[in-house]
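Peer 1: Input: one structure, supplied below.
The values are calculated or read from the model by the stated rules, or taken from the named source; none is laboratory data. The structure presented is a predicted model; accordingly, all values stated were derived computationally and were not measured. In this analysis, Cβ positions are derived from the backbone assuming ideal geometry, glycine residues included, and neighbour counts consider all displayed protein chains.
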């Protein structure tokens, strides 16, 4: 599901040592967001809680990236990729996203996402790849 939030061409830069953490339930509704994720996303904790995690999805991200993520997670495996996200005000930021299923008693109960700041080279590579995917 895509949302119709504003989009700008302004990149938001965050601290190199920031770690953005969030958890979701099985339906990908946010159940926890740490202070770093709240700050970088520009949303308040209450605005994020119980919202679909794609509230921060940027429209420049190809659908294929998230199809790959869900296919990987449904196999019970962790998924990693660079992701361009959208802040509340429409600015964008890049993250190195690591998502893993949260399993209890053999059942996937939700997902945990841990995101860090990628290098400029990683961003350039991912941006070129995603632009190619979007143009195909």
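Peer 1: Can you run down the residue pairs with Cβ atoms below 8 Å, 6 or more apart or on separate chains, where the first is in the range 3-32 and on the phi > 0 side of the Ramachandran plot and surrounded by 14 or more Cβ atoms within 10 Å (Cβ to Cβ) and the partner is modelled with pLDDT of 95 or more and in a strand (DSSP E or B)?
Peer 2: 28/52; 28/111
Peer 1: Right, something else. What number of residues in the range 109-136 are outside any helix (DSSP H, G or I), out of contact with any helix residue (DSSP H, G or I) (no Cβ under 8 Å at 6 or more places or on another chain) and in contact (Cβ under 8 Å) with a residue 60 or more places away in the chain?
Peer 2: Total satisfying the criteria: 6.
Peer 1: Quick one: is residue 81 touching a strand residue (DSSP E or B) at 6+ places or on another chain (Cβ under 7 Å), in a helix (DSSP H, G or I), without any contact (Cβ under 8 Å) to a residue 60 or more places away in the chain and surrounded by 13 or more Cβ atoms within 10 Å (Cβ to Cβ)?
Peer 2: no
Peer 1: Take the range 105-124 and flag every residue that is over 12 Å from residue 95 (Cα atoms) and touching a strand residue (DSSP E or B) at 6+ places or on another chain (Cβ under 8 Å).
Peer 2: Correct list: 108, 109, 110, 111, 112.
Peer 1: Looking at the range 39-75, which of its residues are part of a helix (DSSP H, G or I), touching a strand residue (DSSP E or B) at 6+ places or on another chain (Cβ under 7 Å) and within 15 Å of residue 86 (Cβ to Cβ)?
Peer 2: 40, 48, 53, 56, 65
A quick yes/no check of all residues on (1) over 20 Å from residue 120 (Cα atoms); (2) in contact with a helix residue (DSSP H, G or I) (Cβ under 7 Å, 6 or more places away or on another chain); (3) at pLDDT below 95:
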| site | (1), (2), (3) |
| --- | --- |
| 1 | yes, yes, yes |
| 8 | no, no, no |
| 25 | yes, no, no |
| 32 | yes, no, no |
| 54 | yes, no, no |
| 79 | yes, yes, no |
